[in-house]
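Undergrad: The following block contains the structure, expressed as structure tokens.
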Amino acid sequence: MRLDETHDPALRSWVDSANAPGTDFPVQNLPHGVFRRRGSNEAFRGGVAIGDQVLDLAALARATPFDGPAARALQAAALEHLNDYMALGRPAWKALRLALSRALRAGSAQQPALAGCLVPQADVEHALPARVGDYTDFYTSIHHATNIGRQFRPDNPLLPNYKWVPIGYHGRSSSLGISGEAFHRPVGQTMPPGAAQPQVGPCKRLDIELELGIWIGAGNARGQAIPVGEAEDHVFGIGLLNDWSARDIQGWEYQPLGPFLAKNFATTLSPWIVTLEALAPYRAPLERAEGDPAPLPYLDGEAVRQEGALDIALEFALQTPRMRAAGQPAATVSTTNYRHAYWTVAQMVAHHTVNGCNLQPGDLFGSGTLSGPTLDQAAALIELTVGGKTPVQLPGGETRTWLEDGDTVVLRGWCERAGAARIGFGTCTGTVLPARG
Ligand code: CA
């Protein structure tokens, strides 16, 4: 994926807040989402984040600032759901990115036309950026797979298929929610240690999974596999994803068919999708340990090895009700990085379609819990607490083994590299409410 003028780190925007050091949304980013003014009954429509503002693409489309492919792309990106825009494919996404980049740069003649289309991010609410037909959750962190495996099989933590197959399962799209949501602690069936029989009640081991959400763009015809070398042309972009997990329900139900009710009650997504174009400066070589098998040919390629990974820093932070009452922000619990994943985005797409399975615009992949190589880089409480044995320490003396009612989890992600602008993903937050009585 080539860099072009839109990645130039020297670019500045006439939107002042987009030039602030540390902003997630400089003019080099331009992530897509859908929004409306908070508390209004306006229609949701497409927007692009710039600094602390949202560029209202529906208002912009009415002003017809662009010609040709960028104008057609803008019409689709302005809709209430981004599926049609995602279906257009990379040439359309690149055309709109270039047109928006030029129009938002300092000195642009189009500033007057765009300035009236800005809405402060502080005044908006978001919906899911697309209608998600299908949601698939992968398991691409070998460190997560090993940490979890060790708790169940200390002598043989990693199953023999892991280094050959990008493991995944089909999740549920109806319970996908947008950042800022609150949901009730799930109720379910568990088998407490030493109990004579299972019981039903509120989950006692509620956990998070810090993941990335990979949004599919143009799909494929059923029966037609996507070659790994073309796979990224089918990927629109990436956001943050929290795959809330009920570990006690999971432990009792997961054999032999895998997760079911332990996972499908809530999955929270960040509102902004950072495009693969914006992520181009942060490519990294695929990490593989010495002696690991080469991927099978349908999962292998020069691009996969040289630049298949993405250097995305990730953070899991937690705010308890006591912290919130004291005005304390969420405290960092762990930090990790997507570059440690064992399988790349392209490999996930190639594997998902090798049997002829058809992907559709707006389909969503979870990356799997993105734990890094050391335990302090673990991306779920089950790892950080070693299965619930060592609580996490929080500022002010509080501890957490599992999530408690009222806890808010905040996920963040960002990319930084010398010679490139820093870009970010915004936040993905969710709050646990008590179980329904
Ligand atoms: Ca997961």
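Where a number appears in this text, it was derived from the coordinates with a stated rule and is not lab data. For clarity, every value in this text was computed on a predicted model and none was experimentally measured. We place every Cβ from the backbone using ideal geometry, glycine too, and count neighbours over all the protein chains shown.
Undergrad: For the range 187-250, what is Rg from Cα atoms divided by 2.2 N^0.38 Å, rounded to two decimals?
TA: On the way: Rg = 19.3 Å, N = 64, 2.2 N^0.38 = 10.7 Å.
So the Cα radius of gyration is 1.81 times the expected 2.2 N^0.38 Å.
Undergrad: Same structure again: With the contact rule set at Cα under 8 Å and sequence spacing of 6 or more, what percent relative contact order holds for the range 7-87?
TA: Relative contact order, the range 7-87: 24 percent.
Undergrad: Give the share of C-alpha pairs in each 10 angstrom bin for the range 252-379, from 0 to the last occupied bin, in whole percents, shortest bins first.
TA: 9, 29, 38, 18, 5, 1
Undergrad: Before rounding to the nearest 500, sum -39500 (n - 2.57) across all DSSP H runs of length at least 4 in the chain and divide by the residue total; then give [θ] at 222 nm in deg cm²/dmol.
TA: The helix-only estimate for the chain comes to -5000 deg cm²/dmol at 222 nm.
Undergrad: Give me the percent of DSSP beta bridges within the chain that run antiparallel, rounded to the nearest 5.
TA: Details: 63 of 73 bridges.
In the chain, DSSP labels about 85 percent of beta bridges as antiparallel.
Undergrad: Now, a different point. Can you give the convex hull volume of the alpha carbon atoms of the range 86-126 per residue, in Å³?
TA: 96
Undergrad: Then there is this: Rounded, prolate or oblate: which fits the range 131-219, taking a ≥ b ≥ c as square roots of the Cα gyration tensor eigenvalues, rounded meaning a/c under 1.5, else prolate when a/b beats b/c?
TA: In terms of gyration-tensor shape, oblate.
Undergrad: Give me CYS428, CYS415, CYS357 sorted ascending by neighbouring Cβ count inside 10 Å, so fewest comes first.
TA: CYS357, CYS415, CYS428
Undergrad: Tell me the label-point distance for the pair GLN224, ASP376, using the 7 Å Cα-to-Cβ offset, in nm and rounded to one decimal.
TA: 5.0
Undergrad: What is the chain's relative contact order, in percent, from Cα pairs under 8 angstrom and six or more apart in sequence?
TA: This gives 21 percent for the chain.
Undergrad: Sequence-distant or interchain residues sharing an amide H contact under 5 Å with CYS203, placed H: which?
TA: Long-range HN contacts for CYS203: VAL187, GLY188.
Undergrad: Over the range 85-244, how many percent of alpha carbon pairs lie in each 5 Å bin up to the one with the longest distance?
TA: 1, 6, 9, 13, 15, 15, 13, 10, 7, 5, 3, 2, 1, 0, 0
Undergrad: Something else now. Which residue, chosen from LEU241, GLY133, GLY188, occupies the Cα position most advanced towards the positive end of the dipole of the chain, where the dipole is computed from +1 (Lys, Arg) and -1 (Asp, Glu) charges on Cβ about the Cα centre?
TA: Checking the options against the dipole of the chain, the answer is GLY188.
Undergrad: So for the range 293-437, averaging the separation of alpha carbon pairs under 8 Å that are six or more residues apart and normalising by length, what relative contact order in percent results?
TA: Answer for the range 293-437 is 25 percent.
Undergrad: State, to one decimal in nm, how far the label point of PHE183 lies from the label point of ASP67, with both points 7 Å from Cα in the Cβ direction.
TA: Each label point is offset 7 Å from its Cα along the Cβ direction, giving 4.8 nm.
Undergrad: Same structure again: Quick one: Karplus J couplings for the range 343-351, per residue in order, coefficients 6.51, -1.76, 1.60, θ = phi - 60°, nearest Hz, x for Gly and Pro?
TA: Result, ordered by residue: 10, 8, 4, 4, 5, 4, 5, 4, 5 Hz.
Undergrad: Within 10 Å, count the other beta carbons around each residue, average over each peptide in 99-109, 376-386, and list them highest first.
TA: Ranking, from highest mean packing down: 376-386, 99-109.
Undergrad: Okay, next question. Along each of the three principal axes of the Cα atoms of the range 325-437, give the extent in whole Å, ordering the values from largest to smallest.
TA: Its Cα atoms span 50, 47, 26 Å along the three principal axes.
Undergrad: Identify the residues of the range 244-276 with backbone N under 12 Å of a label point that sits 7 angstrom from the Cα of ALA195 along the Cα-to-Cβ direction, or state none.
TA: Those under the cut-off are 248-253.
Undergrad: Follow-up. Please quote Rg/Rh for the range 293-332 to two decimal places, taking the Kirkwood radius as Rh and restricting both calculations to Cα atoms.
TA: 1.47
Undergrad: Among all the lysines, which ones have a C-alpha under 27 Å from LYS263's C-alpha, if same-chain residues fewer than 8 places away are not counted?
TA: Excluding near neighbours in sequence, the set is LYS163, LYS204, LYS389.
Undergrad: After finding the eigenvalues of the alpha carbon gyration tensor for the chain, what semi-axes result from the square roots of 5 times each, listed largest first in whole Å?
TA: 35, 26, 20
Undergrad: Would the range 1-146 count as rounded, prolate or oblate if I go by the C-alpha gyration tensor, calling it rounded below 1.5 in a/c and otherwise prolate when a/b exceeds b/c, oblate otherwise?
TA: rounded
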